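So the structure is just underneath, and the comments pick up after that.
Computed from the coordinates by the stated procedures, all read-outs in this text should not be read as laboratory data. Model, not experiment: these values are computed from the prediction. Every residue, glycine as well, gets a Cβ built from its backbone with ideal geometry; the counts of neighbours run over all protein chains shown.
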Amino acid sequence: MAADWHRRILTVWNGYRKWLVLSLVLTIAGALCTLAIPLLSQALINQGILGNNLGVVIHYGGYMLVLTMVAAGCQVANTLIAVKFSERTANYLRTESYRHIQELSFGNIDRMRPSDLLVRLTNDIQNVKIAIQQGILNLPLVPVMLIITILLIAFYTPALIGLMVVLLVVFTILLTAYLRFVLPVFAVRQEKYDAMNGRLQENLAGVRVVKAFVRQRLENDRFSRVAGEVRGSSLRAQTSIAILIPTMLLVVNLGLAAIFFIGGTSVLSGTGFSIGEVIASIQYLFLLIMPFMILGTVLPAISASRPSFDRIYELLDTKAEVNDPAKPAAFDPSSVKGRVVFDHVSFGYRTPEGTPGPLVLRDISVVAEPGETIGILGATGSGKSTLIHLLPRFYDVTDGRITLDGTDIRQIPQDTLRRTVAICLQQPNLFFGTIRENILFGADDRSDANMVAAAEDADAAGFITNIPRGYDDAVSRHGANFSGGQRQRLAIARTLAAKPKILILDDSTSACDVATEARIQDRINQRFAGVTKILVAQRISTVIAADRILLLDSGKIVASGTHEELLAISPEYREIYDSQLGRGIVGRGTS
């Protein structure tokens, strides 16, 4: 990836390369105007001022004014082009990265830290934007200024070419030494800065946990260490800059002294130099140092952007683990009956490196008939959520297959499958907006009737209508302005509004009291009687009325049957029943 980053940037600019050519033309034109000014000042001094000729002064002064304005105009136009390209690139990378994240599978997202993704979409893209802007604006100036300045000195003041070559060599040595030291320092600084951002974002996301366990001092110490590393690397970078600039100016001043000495003695002896040539040579000396100052500024910015660019394209090059079939099966969502078959299904999550991990589900076989309600019960870590995440293809099975009405779900496009299978996830994630927008988030039918019906079925209509603005009331970030039970009911309403053919509730009423849970189940059973329903729970009251209950333990089905059958044949089920209901201990929650 590092080898072809130039090509990938150019790919972003397809259709805009004529602007790059225009930028180069403007750079050359502006440089030529700037480089012509010393020649005009030489003529103005020799022929106008020393010749006591006001007309010549006005003549050459006018030319200098025009060239200065043209050079400034070229610089302004080139700056606009650089800004245009850098902003276009940043916008492309930002939108493509966001789009790609939306297309990645659950398995891909599991291995990415949210803080890393935020850094890539913000700081990394900003670094690339700055580097591109500086590169377009300044890098083309370097060869143009160097080559033309040396040629002009060689042609008009050949006696100084030796001095200029010596100064050129000294500048090159200084810049090379500076870059050898500072480029790795800038790369390290960027790494430390990214680590600090990651630490900050993770801490802010978990600030309630930090406060709950009184770990503020520990987190402050950790952040101080990371911030100290950023400070140290930044100081090293800034120290090198602080040394380079005065050293360059020292060399320039020595060069000025040499020019004054050589030129002054020549003028006094009347053997070669004129006063105008001495002044022009001084101007050329400052023009000669300009490319080195540009390189000293731009190359570190480009160096700092390279890791950022690589990280952005590492994200963009990540292949989704779950993909649509090349040749989808003929599948009509409108005629789905809802027969689901898990056929000897096994599954294992991938390791952080992306290699296959150990199996967490082993040889699962179960059939859910249309309209049937299947309950899945088990302890934490038994594989309940993992099992039902396979049905909408959040992950693909490792072995075996899952069919929907006889069609392997891997042969069904993901969008089609997920419009057929609706799942209410364990964590009720609500979006910033309104209650209406959240309930109708995944619904094709966006009518008020569908919204209200879904809210009533989720037992949410009561508290919604008591809110001043009702369904148009605001939902804060993550639904923080609602209780846990209210968030769960809004999430259930969102799932029901999608009118699925297969409905999955993943422990979706855990924060609701038993009475509220019973009302929700009664409404769902009435309105979605023909829909295949899968209920996942740790609380036995959630699944007790299911047509069939699967008891999972360590990724295997250890028992299957109705509530009465399991009480008779499964010691594990009886133990769960006795611990939760048989001895009068009923699960509690908040409504």
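Under a 5 Å amide H cut-off, with hydrogens placed 1.01 Å from N, Asp553 pairs with Val558 among residues at least 5 apart or on other chains. Quote the FRET efficiency, to the nearest 0.05, computed for Asp547 versus Glu202 with a Förster distance R0 of 41 Å and r equal to the Cβ-Cβ distance. In this case the efficiency is close to 0.40.
Overall, segment 90-316 carries a charge dipole of about 840 debye about its Cα centre when +1 sits on the Cβ of Lys and Arg and -1 on the Cβ of Asp and Glu, all other atoms neutral. In whole percents, the pair-distance distribution calculated for segment 359-469 from its alpha-carbon pairs, binned every 10 Å from zero, is 10, 35, 31, 19, 4, 0. Decide, for segment 514-586, between rounded, prolate and oblate: order the square roots of the alpha carbon gyration tensor eigenvalues as a ≥ b ≥ c, take rounded if a/c falls under 1.5, and otherwise choose prolate if a/b is larger than b/c, else oblate. Judged from the Cα gyration tensor, segment 514-586 comes out oblate (a/c at least 1.5, b/c at or above a/b).
Taking the square roots of 5 times each eigenvalue of the Cα gyration tensor of segment 338-582, largest first, gives ellipsoid semi-axes of 30, 22, 17 Å. A simple rule links phi to the HN-Hα coupling: the Karplus curve 6.51 cos²θ - 1.76 cosθ + 1.60 with θ = phi - 60°, which for segment 460-469 gives 9, 4, x, 6, 5, 5, 7, 7, x, 9 Hz, with x for Gly and Pro. Of all beta bridges that DSSP places with both ends in the chain, some 50 percent have antiparallel geometry. The ranking of Phe260, Phe186 from fewest to most other beta carbons within 10 Å of each one's beta carbon is Phe260, Phe186. Directionally averaged projected area (segment 132-192, Cα convex hull): 5.2 nm². The charge dipole of segment 392-431, taken about its Cα centre with unit charges on the Cβ atoms of Lys, Arg (+1), Asp and Glu (-1) only, comes to about 100 debye. Sorted from longest to shortest, the spans of the Cα atoms of segment 90-316 along the three principal axes equal 86, 39, 22 Å. Calculate how steeply helix 17-43 sits against the longest principal axis of the alpha-carbon atoms of the chain, using the helix alpha-carbon long axis, and give the answer as 0 to 90 degrees to the nearest 10. Approximately 20 degrees, to the nearest 10.
Start at zero, step by 10 Å, and the Cα-Cα distances of segment 285-434 spread as 9, 27, 26, 14, 8, 7, 6, 3, 0 percent across the bins. Cβ crowding within 10 Å, taken as a proxy for footprinting-reagent exposure, orders Lys501, Lys384 from fewest neighbours to most as Lys501, Lys384. Computed from point charges on the beta carbon alone (+1 for Lys and Arg, -1 for Asp and Glu), the dipole magnitude for the chain about its Cα centre is near 1220 Debye.
Taking Cα pairs under 8 Å and at least six residues apart, what relative contact order does segment 90-316 come out at, in percent? Normalised by residue count, the contact order of segment 90-316 is 43 percent.
Candidates Asn91, Ile279, Leu249 compared by Cα position along the dipole of segment 90-316: farthest toward the positive end lies Asn91, with charges placed on Cβ. Calculated [222 nm] ellipticity per residue, helices only, for the chain: -20000 deg cm²/dmol; basis is -39500 (n - 2.57) per DSSP H run with n ≥ 4, divided by all residues, nearest 500.
Taking the Cβ of Ala237 as the center, what net charge do the other residues with Cβ under 12 Å away carry, scoring Lys and Arg +1 and Asp and Glu -1?
On the way: positive: Arg189, Lys192, Arg231, Arg236; negative: none.
Charge balance in the 12 Å sphere: +4.
Highest mean packing comes first when the peptides 327-340, 111-124, 480-493, 428-441 are listed by Cβ atoms within 10 Å, giving 480-493, 428-441, 111-124, 327-340.
Think of the chain as a dipole: +1 on every Lys or Arg Cβ, -1 on every Asp or Glu Cβ, centred on the Cα centre; then among Val70, Leu32, Ala258, Ala258 lies furthest on the positive end. Among the trypsin sites (Lys or Arg not before Pro) in segment 199-237, those placed in a DSSP loop whose Cβ has at most 16 other Cβ atoms within 10 Å are Arg215. Classification of the chain by its C-alpha gyration tensor yields a prolate form. The axis ratio a/c (a ≥ b ≥ c) is 1.5 or more, and a/b outweighs b/c. Other residues with beta-carbon under 13 Å from the beta-carbon of Leu430 carry, at +1 per Lys or Arg and -1 per Asp or Glu, a net charge of +3. The angle between the Cα long axis of helix 275-316 and the longest principal axis of the Cα atoms of the chain comes to about 10 degrees, rounded to the nearest 10. Once both labels are positioned 7 Å from their Cα atoms along Cα-to-Cβ, the gap between Phe223 and Tyr16 label points is 3.6 nm.
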